[in-house]
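*Asks:* Dropping a structure here in structure tokens format, bear with me for questions.
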Amino acid sequence: MSEVQDLAGQLLGPATEREPKRWVGPAVGLVFLAAIGLVAVFLLREELLPGRSSIRRLSSSDVRERRIAARELASVRGAGVARALRVLPASLASDRDFLVRVAAARSLGRIGEQIVRRQERPSEVDGALAGLVVGLSDPDPNVREASALSLAIFGKLEEYPPNQLADVLERDPETSVRIAAATAMVLFRSIRDRHISALFHGMNDPELVLRLHCADSLGRTVPPVESLDLLIGLLGHDRMEIRSRASDLIGRLGPKGLPAVPKLMANLQREKIPEVRSKDPSAAGWDPVWSAAHALVLVTRGGSEEAKSIEALGRLVESGDPDLAVSAASALEMFGAPACSTLAGLIDALDRVLGLPAFGERAATLASAVGSLGACDPASAERAISVLIRALSVPNELTRARAAAALARYGPRAESAVPALTGLRDVPSLVVRFEASRALAIIRGEIR
């Protein structure tokens with residue numbers, strides 16, 4: 001028996017030498033599969049890297065493939081962003097199909113949103129911006145509009161908008177493209193005199209919708225000091241909305257707008273507001289007197305021209321015109337104590353307005369000014385309180401609320417208003433009830 005075992009051992013070898021042969025087959029299989037995987041990765045690298053497939057298909061002879069590829073690049077991430085920023089401007093500039101060019105412009109804007117969110121600025125952005133500027137002169141209006149809107153997205157990364165946007169706003173035949181240019185301009189971090197001029201040009205456009213867009217864009221910007229001469233010139237424009245917006249922008253310059261003061265004062269009495277609006281319904285909501293008055297406050301407050309501004313506004317209050325008085329009143333309230341000399345005129349103006357058959361919310365502005373300036377002229381307190389008590393009984397809720405708030409400023413001196421204020425604690429208007437209850441507590445000394 002032992003001889004047989006020895007012979008078997010010689011033929012087969014020791015048991016410990018035979019064990020490894022059990023896993024040789026699976027190991028070879030794994031190596032084979034890994035090799036196949038590496039080959040697949042090598043062969044399919046074009047498809048696996050971000051955006052590579054779409055970039056390759058941008059040069060396809062099939063226009064449908066190019067359209068799909070241009071749209072797909074809007075969603076690239078990571079390393080694909082830089083690649084897309086390099087190739088999309090070329091498609092925007094030279095592809096024969098306008099839909100491919102539109103998709104390229106829009107995709108650049110979508111990529112721009114990613115970049116802005118990350119607050120990064122890769123070097124490829126310069127090429128993208130240059131490509132979008134080229135798109136502004138594309139023969140197809142859809143491409144021009146998409147290029148302008150995508151430029152707007154990149155605006156948060158750039159200091160100034162390109163001058164080509166101003167050219168588009170002034171000259172493009174398509175209203176939608178001009179609107180896109182007006183929208184894009186003010187989304188950059190700063191704005192130049194050239195763009196301010198173009199936006200005011202748009203406010204004189206035959207298309208109402210463009211005029212409104214340009215006015216809104218101007219309302220959201222601070223002009224450079226270099227625009228002051230332009231703005232002063234526009235104070236004499238025929239359109240009241242242009243005069244109003246020019247005054248608004250001068251006010252944003254603060255004391256730097258002092259050279260405009262003579263023209264602003266002249267504009268205070270330039271027109272009767274209702275008459276101008278009746279001639280041009282699109283001017284509804286604009287008030288060049290209000291704008292000029294508030295610009296004077298912002299430019300002259302605390303300076304050498306402050307007294308002259310207050311005097312000019314006081315004359316408006318005493319003019320007998322309720323619209324002019326209201327426009328001046330809100331500005332005088334902003335001046336505060338230095339405008340105390342106008343309080344008697346404001347009380348008279350409020351009294352006159354309350355006697356009109358339809359005064360809307362004009363009395364509310366006057367009531368607020370009377371309350372704000374009341375503390376600086378104790379001699380006028382009795383008459384002011386009497387007129388404000390009268391304002392508590394009008395139908396207009398805002399006027400009643402403002403009158404109650406104004407009476408609260410007089411404190412215990414307004415004891416005679418307690419019955420009228422008490423009657424307002426049960427009215428439906430929440431704001432009127434709140435202001436009346438607060439005024440009562442202050443008059444009675446319960447709160448300060």
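The values are calculated or read from the model by the stated rules, or taken from the named source; none is laboratory data. In this text, all values refer to a predicted model and were calculated from it rather than measured experimentally. Positions of Cβ are backbone-derived with ideal geometry, glycine not excepted, and every protein chain shown enters the neighbour counts. Protein only, heavy atoms only, side chains kept; ligands, DNA and RNA dropped before computing areas. Shrake-Rupley method; radii C 1.70, N 1.55, O 1.52, S 1.80 Å.
*Asks:* With +1 on the Cβ of every Lys and Arg and -1 on the Cβ of every Asp and Glu, and nothing else charged, how large is the dipole of segment 230-269 about its Cα centre, in debye rounded to the nearest 20?
*Replies:* Dipole about the Cα centre, nearest 20: 100 debye.
*Asks:* Right, another one. Treating only the Cβ atoms of Lys and Arg (+1) and Asp and Glu (-1) as charged, compute the dipole magnitude of segment 134-192 about its Cα centre; round to the nearest 20 debye.
*Replies:* In debye, rounded to 20, segment 134-192 gives about 240.
*Asks:* With only Lys, Arg, Asp and Glu charged, each at its Cβ (+1 for the first two, -1 for the last two), find how big the charge dipole of segment 51-189 is about the Cα centre; round to the nearest 20 debye.
*Replies:* Dipole magnitude for segment 51-189 comes out near 660 debye.
*Asks:* Stretched out fully, how many nm does the piece from Arg448 to Ala79 gain, at 0.36 nm a residue minus the Cα gap?
*Replies:* 126.6 nm
*Asks:* Another question, if that's okay. Measure out, as a whole number of angstrom, how far apart the alpha-carbon centroids of segment 312-332 and segment 141-165 sit.
*Replies:* That distance is 43 Å.
*Asks:* Something else: Less than 18 Å from a label point 7 Å out along the Cα-to-Cβ axis of Ser304: which backbone N atoms in segment 311-344 qualify, by residue?
*Replies:* 311
*Asks:* Something else: To make sure I understand the rule: partners must be aspartates and glutamates, Cα under 18 Å from the Cα of Lys308, and not fewer than 8 residues away in the same chain. Which ones qualify?
*Replies:* Qualifying aspartates and glutamates at Cα under 18 Å: Glu318, Glu333.
*Asks:* Once the other residues with Cβ under 9 Å from the Cβ of Ser91 are scored (Lys, Arg +1; Asp, Glu -1), what is the net sum?
*Replies:* Here the charged neighbours net out to +1.
*Asks:* Rank-order 55-63, 166-174, 128-136 by packing density, defined as the average count of other C-beta atoms within 10 Å over each peptide's residues, highest first.
*Replies:* Answer by packing, highest mean first, reads 128-136, 166-174, 55-63.
*Asks:* Sticking with this one: Sort segment 87-237 into rounded, prolate or oblate with this rule: let a ≥ b ≥ c be the square roots of the eigenvalues of the Cα gyration tensor; rounded if a/c is under 1.5, and if a/c is not under 1.5, prolate when a/b is larger than b/c, oblate otherwise. Display every interim value, and only then the final one.
*Replies:* On the way: a/c = 2.42, a/b = 1.49, b/c = 1.63.
Oblate, because a/c is 1.5 or more while a/b does not exceed b/c.
*Asks:* Hey, if you put +1 on the Cβ of every Lys and Arg and -1 on every Asp and Glu Cβ in segment 115-274, which of Met240, Val209, Ile196 ends up farthest toward the positive end of that dipole?
*Replies:* Farthest towards the positive pole: Met240.
*Asks:* Here's another thing I want to ask about it. What does the extension gain come out to for Ala266 and Glu226, with contour length at 0.36 nm per residue minus their alpha carbon separation?
*Replies:* Length gained, Ala266 through Glu226: 12.2 nm.
*Asks:* When the accessible area of segment 103-201 is split by element with a 1.4 Å probe, what percent falls to carbon and sulfur?
*Replies:* Within segment 103-201, the accessible surface is 46 percent carbon and sulfur.
*Asks:* How big is the Kirkwood radius of segment 280-380, worked out from every pair of different alpha carbons and given in Å to one decimal?
*Replies:* Values: mean 1/r = 0.0735 Å⁻¹.
Its Kirkwood hydrodynamic radius stands at 13.6 Å.
*Asks:* Could you please report the charge total around Arg64, scoring K, R as +1 and D, E as -1 over all other residues with beta-carbon less than 14 angstrom from its beta-carbon? Kindly include the intermediate steps, with their values, before the conclusion.
*Replies:* Details: positive: Arg57, Arg66, Arg67, Arg71, Arg96; negative: Asp62, Glu65, Glu72, Asp95, Asp97.
Charge balance near Arg64 sits at 0.
*Asks:* Over 10 Å intervals from 0, what percent of Cα-Cα pairs in segment 344-448 sits in each interval?
*Replies:* Bins of 10 Å from zero give 18, 53, 27, 2 percent of pairs.
*Asks:* Could you go through segment 342-357 in sequence order and give the Karplus-derived ³J(HN,Hα) for each residue, using 6.51 cos²θ - 1.76 cosθ + 1.60 with θ = phi - 60°, rounded to whole Hz, and x for Gly and Pro?
*Replies:* In residue order, the calculated couplings are 9, 4, 4, x, 5, 5, 5, 5, 5, 4, 5, 5, 5, x, 7, x Hz.
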